[in-house]
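*Asks:* Before anything else, here's the structure in question.
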Amino acid sequence: MTEDVLARLTDVLAQRKSQSKTNSYVASLHSGGLNKILEKVGEESVETILAARDAEVSGSNKQLICETADLWFHSLVMLSHLGTDAAAVLAELDRRFDLSGLEEKAKRDTH
């Protein structure tokens, strides 16, 4: 299910990227350029962090899930703007399965 949702969303983002910015939120983000998209990713990151803190106190993950969805969505717009997509991220995550997290991080730190 997850890969299907990501594939569908990737297709929708690609279609909407070239639409009129007055008809598409995605197109309006792209027309604003990378900085506008990064601003949204940053905003959604903060909102996700705050929702996580609130979820720990309230015991409800509902807002956390909504904010995480917003963060993922805007991250996918960012990837699209830079010419890549969720498949590349999933491939990278898949590549890391046979590595310990500490080993993988150490390899990144040496590059």
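The values are calculated or read from the model by the stated rules, or taken from the named source; none is laboratory data. This one's a predicted model, so the numbers in the text were calculated from it and none came from an experiment. Heads up, the Cβs are rebuilt from the backbone with ideal geometry, glycines too, and the neighbour counts pull from every protein chain shown. Surface accessibility is based on the protein's heavy atoms, side chains included, excluding ligands, DNA and RNA. Shrake-Rupley method; radii C 1.70, N 1.55, O 1.52, S 1.80 Å.
*Asks:* Which number in (1) in a helix (DSSP H, G or I); (2) within 18 Å of the chain's Cα centre (by Cα); (3) under 26 Å from Ala7 (Cβ atoms) marks the one condition that Leu50 misses?
*Replies:* That leaves (3) as the condition not met.
*Asks:* Can you name the number of the only condition in (1) loosely packed, with under 13 Cβ neighbours inside 10 Å; (2) modelled with pLDDT under 95 that Ala86 fails?
*Replies:* (1)
*Asks:* Is it the case, given these coordinates, that Arg53 is of a type outside the set (Val, Ile, Thr) and touching an Asp or Glu at 6+ places or on another chain (Cβ under 8 Å)?
*Replies:* The answer is no for Arg53.
*Asks:* Now for a different question. Quick check on the stretch 1-42: of everything there that is of a type in the set (Gly, Ala, Ser) and loosely packed, with under 12 Cβ neighbours inside 10 Å, which residue is farthest from Thr84 (Cα to Cα)?
*Replies:* Across the stretch 1-42, the extreme among qualifying residues is Ser20.
*Asks:* Just checking, does the stretch 55-66 include any residue being within 19 Å of Ala86 (Cα to Cα) and open to solvent by 80 Å² or more (accessible area, probe 1.4 Å)?
*Replies:* yes
*Asks:* Ok, one more. Please state which one of Lys36, Lys40, Lys21 is of a type outside the set (Gly, Ala, Ser) and outside any helix (DSSP H, G or I). I'd like the intermediate steps shown before the answer.
*Replies:* Working: Lys36 fails: outside any helix (DSSP H, G or I); Lys40 fails: outside any helix (DSSP H, G or I).
Being of a type outside the set (Gly, Ala, Ser) and outside any helix (DSSP H, G or I) holds for just one of Lys36, Lys40, Lys21, which is Lys21.
*Asks:* Being open to solvent by 60 Å² or more (accessible area, probe 1.4 Å), over 30 Å from Ser18 (Cα atoms) and out of contact with any helix residue (DSSP H, G or I) (no Cβ under 9 Å at 6 or more places or on another chain): is that true of Lys105 here?
*Replies:* yes
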